[in-house]
């Protein structure tokens, strides 16, 4: 608040360090001192990194970009929770005022076979791109489109499609799931496209192909624990998964191959 | 020798130019298209839409991005919306009106023909995006909804709640991934372009670093497209993403591409203020907040009372006072500058004194808390998450921040730079926004370039240019690789005591102080004196840990800051050279007694395109001018009183 | 178009079969539990009911069907469990907490299944293939399953094991049933809370229904 002076925090960090994709990782203890409660979690890591460089040690590698909760680049599992303890928050939007002086914080990368570690807290999420590549689009070439208003969309469907489309592809759902399942991510994309009239033509092929790719990437199965939705910074709903399940079964039944 | 630049604008009536030009351009035979390789660097709105469209046409596209996935490009952060002259609300909008507003908003420093083409294709963009499944806001009848944005007189902005950029980008990204699946695009993520390869005077490839393995990789092609965004991070603190940088564009500049109007930067008035030295970026909050929020500071200097304890009579609602007719809705540059004046007077608020209040108390009283929450709930939540203050109870603190850069690599009407084969699209080029960009126009320009302009004009280049077979064994590729490697070695070899961030912050402070919201001859000269000194210190006292051959963020950042250290100087030089105030460029010497900008159309109605030279090891620049002629609009002074 | 796998090899297909067979098994345990309640009517009713079941020739088909459902449930669950384990080779050092927590009931579904399997085998050995006591009603001799049950529940260790296993079954159904419904594709915001409630009520009705018997014999039965 304006005018008040804040106390700084001292924190004990236990951070996963791993030299490369094929190396063995381990936890390392780091001290974070003079941490202002107004800092974001990533700014706290910035401060630690500056101190590490000054000491001649290797700074911590972590993914980040927009730092306003929309690009989906930042990851990290903080004390067992993807993107930290707050709901509907990405790591970059988590602020240190949510922690207490003297807290111990364990920071791990998102862990899944389909998200191999690149270095320290950086993981490779290209499996998500390949899932989209397999069918997460509407096949319309540039210049083919009719006038935008010739195709009215029921407002409720438009809103639901939008909500599903708010997925930022960060992978917290996979990180949170006890089975490292990508069901929430895949089903959100399916809900986005299949709820719209534009997406109908390919709806069945889309679900068949995307689910096949999801399995091939080595994600686990969905057990409907809801952990994905709870960890999702955009609060994508669990009901999308049920929609995917039923449309998958229907499409499979009808398909000729 | 200063050259006169040829913008290659086709002849004929303004409205017919693009149609005529499309007919006049040479076409590539469909069977030959797949024989052409095109490199696209960047996967934001411009890059992704261009890559997808060209791949659909049949070209062989190689696409590069710095992030782990093309979907994360910074276009994703755009909140407000995208303009298009659809006139769905039937409120009198037209292509001509959008064209006119954009020219005027750009303070008459953009190219008429480009802006008209932008307005023309704007309607196709909406059609294309809807067909891709972009979930724009709709009304209860199922038709697309529009809103008025940034003080425009018509409602022409299409939006998807506060995430228009993300939704448009995902549409383009998905189209692109479809082409990856078909084998027409090869995607290279986590690659940073570190050099442009020019063979026989034409752009023929790039040298980049694989950010995971650290390997230097090279790719050859028939044309290169830069879609690498803006350079706002030269200020260290900006609303840009942390990885946004000028390096790719600046490498092209070093290889001969002209940099145009570098001093035209846009400052956004409603950002969350800096809270401390550790601050890593600034967060923008939608301009729409000014529709209901009232901007004020205390009348007394240094009034440190809690805002709720300052009585109405001791508050100065300065925008309403100075601009009675536009009030809190004056354009971005005016609102930003006025906030700076208040802070400079010592009437800034908050712990740091570098902020002004944006107060919703009256709006809550007038409309009720629910209505305010309906309109701005998500923004209020975001503000509370970052600052810990509840804007329903305590006025928001806001301050301007660098947001967008209108300047960029110089391009002609075909979006090709002066280097043949090098095309530049989106924020990375300079062409459409003049000295100031209107709200909701950035998304429009990125997609216009990528979907509807470049895919045609690049065909013309490929069809009409003789291109020898070139592969990465060519001498130019070898020397580029050596240059890149030795530069990385040089960065790692300094082994000094100051971190990259320390240099970047220092540069940012200089830029903000002297080349920021308002500029003076004295300040700019000072900047031109200290930036080279800082650059020298950088190369003598930089500390970058680790090696080249693995993921090394500090090394990545160092290369970018090295380029910012040159760009900063160029920006100051350009700002000093432009002896007028226009749009985002405000020179203190050129203002009316009421602190309004004074343009000098007689002497400065041109695009300043800078060619980089070396002068005894030091960077130097030569100015080339592209005169701007206005045949269809009358140059007038903006007034918001 | 990318490769397509058979429904029975896809995770969703397998999960749906697990769900379907799970629902089948839930129906079975419910009828089993309801039949068992005849124990409170008396030995004769209970023994006659049991005799009617096993003397019906259709019992072989029913048992074969039940066995098949069970084997499919078990095998597919094993496959899926294996796949899930491979999906996260390196475990987290710290478990999730707060609003992002996964409950232990959800996390131990597989372990619950294993306990139920062990229980089932012992249960079949004790009862189905246990000592055949005989009893005569109206001059006809039939198996006296009642006395077998009574004797089994005289042992406090067995009572504890039985109650423990049935609590586990309750837990398994508690999450499994509601989850199966979602896996099969039903999750509508309007009905979801009610469906969840009913599924949970079902789970604990079955579980408690069974548990009443050992409690009855151990504490209250005064044969």
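What follows draws every value from the coordinates through simple rules; no lab data is involved. These numbers were taken from a predicted model, which means no experiment stands behind them. With ideal geometry, Cβ positions are generated from the backbone for all residues, glycine too; neighbour counts draw on all protein chains shown.
Summarise the partner chain shielding of B:238-248 as one whole number: the mean count of Cβ atoms from other chains within 10 Å of each residue's Cβ. Don't skip to the answer; put the middle values down first.
Numbers: counts 0, 3, 3, 8, 10, 6, 2, 0, 0, 0, 0.
Mean shielding by partner chains, rounded to a whole number: 3.
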Query raised in the report: Can you put C:5, B:62 in order, fewest other beta carbons within 10 Å first?
Result: C:5, B:62
Query raised in the report: Summing -39500 (n - 2.57) over the DSSP H runs of n ≥ 4 in the protein assembly as shown and dividing by its residue number, what mean residue ellipticity at 222 nm do you reach, to the nearest 500 deg cm²/dmol?
Result: -13000 deg cm²/dmol
Report summary line: Using eta = 0.692 mPa s and T = 37 °C, Stokes-Einstein with Kirkwood Rh from Cα pairs puts D for the range A:125-254, in µm² s⁻¹, at 219 µm²/s
**Report entry** Backbone N under 15 Å from the residue C:40 label point (7 Å along Cα→Cβ), restricted to the range C:142-168
**Finding:** none
Query raised in the report: By counting other Cβ atoms within 10 Å of each Cβ, how are B:195, B:303, B:489 ranked from fewest to most?
Result: B:489, B:303, B:195
Requested in this report: Give, in nm to one decimal, the length gained when the segment between residue A:146 and residue A:10 is fully stretched (0.36 nm per residue of separation minus the Cα-Cα distance).
Outcome: 43.0 nm
Query - Averaged over B:138-144, number of beta-carbon atoms from partner chains that fall within 10 Å - result: 6
Query raised in the report: Mind checking the log10 I(q)/I(0) for the range C:57-98 at q = 0.19, 0.25, 0.30, 0.35 Å⁻¹? Debye, one equal scatterer per Cα, no solvent, two decimals.
Result: -0.69, -0.85, -0.94, -1.04
Query raised in the report: Ranking B:170, B:126, B:310, A:138 by Cβ neighbours within 10 Å, fewest first, what do you get?
Result: B:310, A:138, B:126, B:170
**Report entry** Stokes-Einstein D (µm²/s) once Rh is taken as the Kirkwood radius of the range A:202-257 over alpha-carbon pairs, at 4 °C in 1.567 mPa s
**Finding:** 104 µm²/s
Report summary line: Taking Cα atoms, the helix B:45-57 axis meets the longest principal axis of chain B at an angle in degrees (rounded to 10) of 40 degrees
Requested in this report: Take every DSSP beta bridge whose two residues both sit in the protein assembly as shown, then give the antiparallel share in percent to the nearest 5.
Outcome: 75 percent
Query raised in the report: So what are the radius of gyration and Dmax for the Cα set of chain B, in Å?
Result: 23.9, 75
Query raised in the report: Across peptide A:59-65, what mean number of C-beta atoms from other chains lies inside 10 Å of a residue's C-beta?
Result: 6
Report task. Could you order peptides C:50-59, B:408-417, A:122-131 by the average number of other Cβ atoms within 10 Å of their residues, highest first? Result -> B:408-417, A:122-131, C:50-59
Query raised in the report: Hey, what's the per residue convex hull volume over the C-alpha atoms of the range B:1-123, in cubic angstrom?
Result: 196 Å³
Query raised in the report: Could you give the angle, 0 to 90 degrees to the nearest 10, between helix B:369-387's Cα long axis and the longest principal axis of the Cα atoms of chain B?
Result: 70 degrees
Report task. Over all alpha-carbon pairs of the range A:9-119, lay out the pair-distance distribution in 5 Å bins, whole %, shortest bin first. Result -> 2, 12, 21, 27, 21, 12, 4, 0
Report summary line: Among beta bridges assigned by DSSP with both residues in chain B, the antiparallel ones amount in percent, to the nearest 5, to 70 percent
Requested in this report: State the dimensionless ratio Rg/Rh of chain A (Rg: radius of gyration of Cα atoms; Rh: Kirkwood radius).
Outcome: 1.04
Query raised in the report: Regarding the range B:352-476, what whole-number volume in Å³ per residue does the convex hull of its Cα atoms give?
Result: 207 Å³
Report summary line: Working note, the range C:1-127: Cα radius of gyration (Å, one decimal) and Dmax (Å, whole number) are 19.5, 65
**Report entry** Calculated over the range B:475-627: convex hull of Cα atoms, volume per residue (Å³)
**Finding:** 138 Å³
Report summary line: Per the protein assembly as shown, sqrt(5λ) over the Cα gyration tensor eigenvalues, sorted largest first, in Å, gives 60, 32, 29
**Report entry** Highest-fluctuation residue, C:104, C:161, C:204 considered, GNM on chain C with Cα pairs under 10 Å
**Finding:** C:104
Report summary line: Taking Cα atoms only, helix C:58-87 is inclined relative to the longest principal axis of chain C by an angle, in degrees rounded to 10, of 30 degrees
Query raised in the report: Mean projection of the alpha-carbon convex hull of the range B:268-401 over all orientations, in nm²?
Result: 7.7 nm²
